[in-house]
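The values are calculated or read from the model by the stated rules, or taken from the named source; none is laboratory data. This structure is a prediction, so every number in the text was calculated from the model and none was measured. Cβ placement follows ideal geometry from the backbone for every residue including glycine, while neighbour counts extend to all protein chains displayed. Protein only, heavy atoms only, side chains kept; ligands, DNA and RNA dropped before computing areas. Shrake-Rupley method; radii C 1.70, N 1.55, O 1.52, S 1.80 Å.
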Amino acid sequence: MPDISPEGIEFQVHKTREVKKEDLYSTLAAADRQNLDLLVDAFEDISENDEVEGGMFVVGGILNKPHPRKDIDIVVYRGFPDAPATQTPLIEKSQLTLANEKFAGLRLFANEFVKRNPDFKIGNIIEPFEDENFDNPNILRNTGSIEITREGSTTLQLVNGYDGPVGSDKSDDRQFAVLTRVEKTPLATAA
């Protein structure tokens, strides 16, 4: 019998937003699947070398609208490496400052990806900026994005996921597909 408690219903509704990676891949051209695989391999390798957690999540029209699409929106979330004790606490930083710090990491990743895969080029770059209607660094108009293009395939739109993994906020009702998640593994202790 299904769980009809409020918590069970909330969990079930929350889980229906996730599209299986295999289902996403079944709708994509071979070149686009290859591009995503290359992106995931580089992301996992770079994140593990930098010892940061992170994830890549496909969102947007590629999941639920007719193809072909102009781009594939990929929210990229990378945590910070372990912060030194002298770093300014996160609570004291504005959303714009946090978005810019994370965007710097996204830019480094995009540059490294293109360096490893010379068939790809970096296209349009939009840095994070606040919403001019509010004049408040805690209300953002855009969190930042970087286009990566490859001839003969759909543009990859890397979106700065500065505020955490897609799907972690239950009020966010976007569909998403998880491409990868990288988690820190605790160092083995000597016995």
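Here are the numbers for this structure:
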| read-out | value |
| --- | --- |
| Calculated FRET value between residue 49 and residue 97, using beta carbons and R₀ = 22 Å, to 0.05 | 0.30 |
| The range 25-70, accessible surface, carbon-and-sulfur percent (1.4 angstrom probe) | 45 |
| Residues in the range 100-133 that a label on residue 29 would reach, taking backbone N under 16 Å of a point 7 Å out along Cα→Cβ | 120-121 |
| Residues whose placed amide H lies under 5 Å from that of residue 142, excluding near-sequence neighbours | 129 |
| Subset of 20/65; 93/184; 20/121 violating a 21 Å alpha-carbon distance limit | 93/184; 20/121 |
